[in-house]
């Protein structure tokens, strides 16, 4: 089920698409990760539409977003705030992976609570392309069009159909250069992607959902946590635990966004 969509103008003057599921109740705002789009939250929106309003938007370079640059986290956090301003009062911001980093930077100023799904708290110098980009190059080297869309469907053949079509939407026009620039713009190789101090300084309730397998959250990332932060590990689930452990994820969101 598709939600209601509208265009929102960001601080830069560029626009993006915001989608909403539900007509009443507390507002939840989703921030997707690398090679995803607002459609990453379609199943969540459908599950909560009777009790909540679930909003999600396309980040720069993904889905239907008009702009793909620049990609510094501080600027992406301004995009988040612009979308939030278009919604009104936000109960909970949910961010996955890269979106978890954006939510950590921008979310405390706009929401009452955060849910960070295996967030990219720190990226070690020299690892960004290897960890987050290189595996996508074979698909993204195919020119945008039906052939690429079918390649994405094949890559996610075992995924839930809604999630699979969400990946097709996200990657239809996505450029590999956008992903590489995300690392460069945030000076990963100079140690520029390190949000541990922000995590330690949080003053709003925050739940980190950590993957039990191949998590991008290192033990060292969690050494100094604010008293408002709790960590829940999803044993047996990987980086996209919000898809693979969907029912558990929905109940955690429902409880946080009362």
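The values are calculated or read from the model by the stated rules, or taken from the named source; none is laboratory data. What you see is a predicted model; the values in this text were computed from it and never measured. Positions of Cβ are backbone-derived with ideal geometry, glycine not excepted, and every protein chain shown enters the neighbour counts.
Pairs needed: first member in the range 92-105, under 15 Å from residue 44 (Cβ atoms); second member anywhere, modelled with pLDDT under 95 and surrounded by 24 or more Cβ atoms within 10 Å (Cβ to Cβ); C-beta distance under 7 Å; at least 6 residues apart or different chains.
92/257
Is the range 218-234 home to any residue that is buried (at least 19 other Cβ atoms within 10 Å of the Cβ) and either in a loop (DSSP other than H, G, I, E, B) or at positive phi (or both)?
For the range 218-234, residues buried (at least 19 other Cβ atoms within 10 Å of the Cβ) and either in a loop (DSSP other than H, G, I, E, B) or at positive phi (or both): absent.
Give 108, 144 a once-over and let me know the one that is assigned to a helix (DSSP H, G or I) and touching a residue at least 12 places away in the same chain (Cβ under 8 Å).
108
For residue 126, only one of the following conditions fails: (1) more than 20 Å from the chain's Cα centre (by Cα); (2) within 28 Å of residue 3 (Cβ to Cβ). What is its number?
Unmet condition: (2).
Quick grid of which residues meet (1) surrounded by 15 or more Cβ atoms within 10 Å (Cβ to Cβ); (2) touching a residue at least 40 places away in the same chain (Cβ under 8 Å); (3) touching a helix residue (DSSP H, G or I) at 6+ places or on another chain (Cβ under 6 Å); (4) not in a helix (DSSP H, G or I):
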| position | (1), (2), (3), (4) |
| --- | --- |
| 163 | yes, yes, yes, no |
| 166 | yes, yes, yes, no |
| 169 | yes, yes, yes, no |
| 178 | yes, yes, no, no |
| 182 | yes, yes, no, no |
| 189 | yes, yes, no, no |
| 192 | yes, no, no, yes |
| 198 | yes, yes, yes, no |
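On the basis of being buried (at least 16 other Cβ atoms within 10 Å of the Cβ), in contact with a strand residue (DSSP E or B) (Cβ under 6 Å, 6 or more places away or on another chain) and either more than 21 Å from residue 209 (Cβ to Cβ) or in contact (Cβ under 8 Å) with a residue 40 or more places away in the chain (or both), does residue 122 make the cut?
Yes: the conditions hold for residue 122.
Name every residue in the range 225-244 that is under 15 Å from residue 42 (Cα atoms) and free of Cβ contacts under 8 Å to residues at least 12 places away in the same chain, in order of residue number.
244, the sole residue that qualifies.
Six or more apart or on different chains, Cβ under 7 Å: which pairs go from a residue in the range 208-223 that's modelled with pLDDT under 95 to one that's assigned to a loop (DSSP other than H, G, I, E, B)? Could you list them?
Within 7 Å, the pairs are 214/238; 214/239.
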